[in-house]
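Participant: I have a structure here, written as structure tokens, and I will follow up with some questions on it.
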Amino acid sequence: MSRKKEDTTLASESKPVIQSDAYASMLSRFHAAAEKIGLAPEEIEILSRPAEIHIAYLPVAMDDGQVRVFEAYRVIHSRALGPGKGGIRYAPEVNMREVMALAAWMTWKCAVVNIPYGGAKGGITCEPKKMSVGELERLTRAYTRAMSEVFGPDKDIPAPDMGTSAREMAWIVDEYSRLNKGNFIPAVVTGKPLELGGSKGRVEATGRGVTTVILQALQRLGRRPEGLTAAVQGFGNVGSITAKYLSQSGIRVIAISDKSGGFYNENGILIHQAIQYRDTHGGSLEGFKGGDRITNEQLLTLETDILVPAAIEDQITPQNAPHIKAWLIAEGANGPTTAEADPILNEKGITVIPDILANAGGVIVSYYEWVQNRRGHYYTESEVQERADNTIKQAFDDVFARAAAHRVSLREAAYLLAVERVVKALRMHGKY
Ligand code: NAD
């Protein structure tokens, strides 16, 4: 079966729009895997679309007395393997197609690492850095009320993503529990503060997982970490923690960046200093003195061994892919590489550890958090880390073996594994 590019848009859209967005990138990789596996047309149809899309317009009283209305989404891509699972993003660029892509990636990610969840994602179009704590709390509670029938420990379990953190998860637990007659229901979200049933090791989990798969890949490629260099785009939860762990592993992090731009230091950026600077300067690296200024675009094409895009989607494109000098890319962000850039990176012989594997450490520990909430029994940090390290290493080995056996990239192998697992479950649910 051959699929034309036009097929990468939703059939319900009257005119096919050929655009390079995150959803189109997700679909083109899914379709390639579906074709190789030989999925039935109706299976492709089901998994090409979200199962549910929920949109709400949330009126929120701002501190100046005005009422602003925010557009908010929750998308469930699939519940074939279990309840919906995925973060909530607060950012000005949030839009429905982006949330749709992020929800589908969660389906594939949970399947690759073999945890019993489907895929979901939420988002609110807002500028959290320009809002007060009170405004953010009212917005988050309004979102929880609007999605109270969508969320649930056995239905759909949100978590933090860009622009949200444990603080927002605490508000969701509180509001959701109030809506449920005051029953304390911590398992409705993960990434909570420890005091409200969060898991030890959750904050570091994604960056730790990114580092673990990088070290696994180096071992397979016969390279030692000591003396290698890395450039990390994005200095939030994923980027900064990955940078910290990489430097602890003997890898010199020569460049970091955030929305305000990048910093280069050939002797290695002192990551703990950069983290301290960010935490005392409103969450931004603007004005940091630990390196020479560079742009985000320059960071991506630096002379370095390892590149970790850990900010947003669509950063590695057909325009800059030919100039990338790193030989190992680990996708800390979701969807940092467009589908059109994949063949260019493959031809250059660059090993790409795909997002649905590389950044799965977060959702793995989220799963343990949910298990702990439901058992009422809590693990030590080293118990969580050991389980999470083993799970992501196993997933890496599965993907690596599949790639070797089928002579395909790690991304293609990860999609093959994920799509197969989801479709197996879908078939067992039966036809209705
Ligand atoms: P975050 O909000 O903590 O940090 C985002 C970082 O990216 C910030 O440093 C921000 O300044 C930077 N950034 C934003 N726009 C940028 C731009 N245009 N250019 C360069 N930098 C930019 O978010 P996070 O949780 O670290 O998430 C980062 C990525 O990782 C997202 O794609 C997210 O979906 C993905 N992810 C996060 C987790 C998690 O556990 N937090 C898990 C898996 C995947």
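The values are calculated or read from the model by the stated rules, or taken from the named source; none is laboratory data. Computed from a predicted model, the values in this text were never measured in an experiment. Here Cβ is always computed from backbone atoms with ideal geometry, including for glycine, and neighbour counts include all displayed protein chains. For accessibility, only protein heavy atoms count, side chains too; no ligands or nucleic acids. Shrake-Rupley method; radii C 1.70, N 1.55, O 1.52, S 1.80 Å.
Participant: Quick check on Asp174: is it of a type in the set (Asp, Glu) and more than 12 Å from the ligand (Cβ to nearest atom)? Give the steps one after another, and end with the answer.
Facilitator: Values: of a type in the set (Asp, Glu): yes; more than 12 Å from the ligand (Cβ to nearest atom): yes.
Criteria met by Asp174.
Participant: From Thr190, Thr206, Thr140, Thr211, grab the single residue that is within 18 Å of Ala388 (Cα to Cα) and without any contact (Cβ under 8 Å) to a residue 60 or more places away in the chain.
Facilitator: Working: Thr190 fails: without any contact (Cβ under 8 Å) to a residue 60 or more places away in the chain; Thr206 fails: without any contact (Cβ under 8 Å) to a residue 60 or more places away in the chain; Thr140 fails: within 18 Å of Ala388 (Cα to Cα).
Unique residue meeting the criteria: Thr211.
Participant: Filter the range 281-292 down to the residues that are away from the ligand (no atom under 14 Å from the Cβ) and open to solvent by 40 Å² or more (accessible area, probe 1.4 Å) and list them by number.
Facilitator: Lys289, Asp292
Participant: Then there is this: What are the residues in the range 120-143 that are surrounded by fewer than 16 Cβ atoms within 10 Å (Cβ to Cβ) and either within 20 Å of the chain's Cα centre (by Cα) or not in a loop (DSSP other than H, G, I, E, B) (or both), if any?
Facilitator: Residues of the range 120-143 that are surrounded by fewer than 16 Cβ atoms within 10 Å (Cβ to Cβ), as a first pass: 127, 129-130, 132-134.
Glu127, Lys129, Lys130, Val133, Gly134 - these are the residues of the range 120-143 that are surrounded by fewer than 16 Cβ atoms within 10 Å (Cβ to Cβ) and either within 20 Å of the chain's Cα centre (by Cα) or not in a loop (DSSP other than H, G, I, E, B) (or both).
Participant: Which number in (1) buried (at least 20 other Cβ atoms within 10 Å of the Cβ); (2) under 26 Å from Lys130 (Cβ atoms) marks the one condition that Ile254 misses?
Facilitator: Only one criterion is unmet by Ile254, namely (2).
Participant: Can you tell me which residues in the range 144-169 are assigned to a helix (DSSP H, G or I), more than 14 Å from the ligand (Cβ to nearest atom), out of contact with any strand residue (DSSP E or B) (no Cβ under 7 Å at 6 or more places or on another chain) and open to solvent by 20 Å² or more (accessible area, probe 1.4 Å)?
Facilitator: So in the range 144-169, the residues assigned to a helix (DSSP H, G or I) come out as 144-146, 166-169.
Still in the list and also more than 14 Å from the ligand (Cβ to nearest atom): 144-146.
Cutting the leftovers down to out of contact with any strand residue (DSSP E or B) (no Cβ under 7 Å at 6 or more places or on another chain) gives us 144-145.
Listed by number, the list holds a single entry, Arg145.
Results for (1) modelled with pLDDT of 95 or more; (2) in contact with a Phe, Trp or Tyr (Cβ under 9 Å, 6 or more places away or on another chain); (3) near the ligand (Cβ under 9 Å from one of its atoms), shown as yes or no for each residue.
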| residue | (1), (2), (3) |
| --- | --- |
| His272 | yes, no, no |
| Asp279 | yes, no, no |
| Ile294 | yes, yes, no |
| Leu300 | yes, no, no |
| Gln315 | yes, no, yes |
| Ile329 | yes, no, no |
| Ala333 | yes, no, yes |
| Pro336 | yes, no, yes |
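Participant: In addition: Mind listing just one residue for me: the one in the range 186-234 that is touching a Ser or Thr at 6+ places or on another chain (Cβ under 9 Å) and of a type in the set (Ser, Thr, Tyr) and, of those, nearest to the ligand (Cβ to nearest atom)?
Facilitator: This residue is Thr206.
Participant: Does Ile350 meet the test of being buried (at least 20 other Cβ atoms within 10 Å of the Cβ), among the aliphatic types (A, V, I, L, M) and not assigned by TED's automatic domain parsing to the domain that holds Pro153? Write out each step before concluding.
Facilitator: Numbers: buried (at least 20 other Cβ atoms within 10 Å of the Cβ): no; among the aliphatic types (A, V, I, L, M): yes; not assigned by TED's automatic domain parsing to the domain that holds Pro153: yes.
The answer is no for Ile350.
Participant: Turning to a different aspect of this structure: Taking the range 305-333, which residues are among the polar types (S, T, N, Q) and either touching a strand residue (DSSP E or B) at 6+ places or on another chain (Cβ under 6 Å) or open to solvent by 20 Å² or more (accessible area, probe 1.4 Å) (or both)? Steps first, answer last, please.
Facilitator: If we filter the range 305-333 for residues that are among the polar types (S, T, N, Q), which is where we start, we get 315, 317, 319-320.
Correct list: Gln315, Thr317, Gln319.
Participant: OK, next. Just to be sure before I move on: is Arg374 surrounded by fewer than 22 Cβ atoms within 10 Å (Cβ to Cβ), in contact (Cβ under 8 Å) with a residue 12 or more places away in the chain and either within 12 Å of the ligand (Cβ to nearest atom) or within 25 Å of Leu102 (Cβ to Cβ) (or both) in the structure I sent?
Facilitator: On the way: surrounded by fewer than 22 Cβ atoms within 10 Å (Cβ to Cβ): yes; in contact (Cβ under 8 Å) with a residue 12 or more places away in the chain: yes; either within 12 Å of the ligand (Cβ to nearest atom) or within 25 Å of Leu102 (Cβ to Cβ) (or both): no.
It is false that Arg374 is surrounded by fewer than 22 Cβ atoms within 10 Å (Cβ to Cβ), in contact (Cβ under 8 Å) with a residue 12 or more places away in the chain and either within 12 Å of the ligand (Cβ to nearest atom) or within 25 Å of Leu102 (Cβ to Cβ) (or both).
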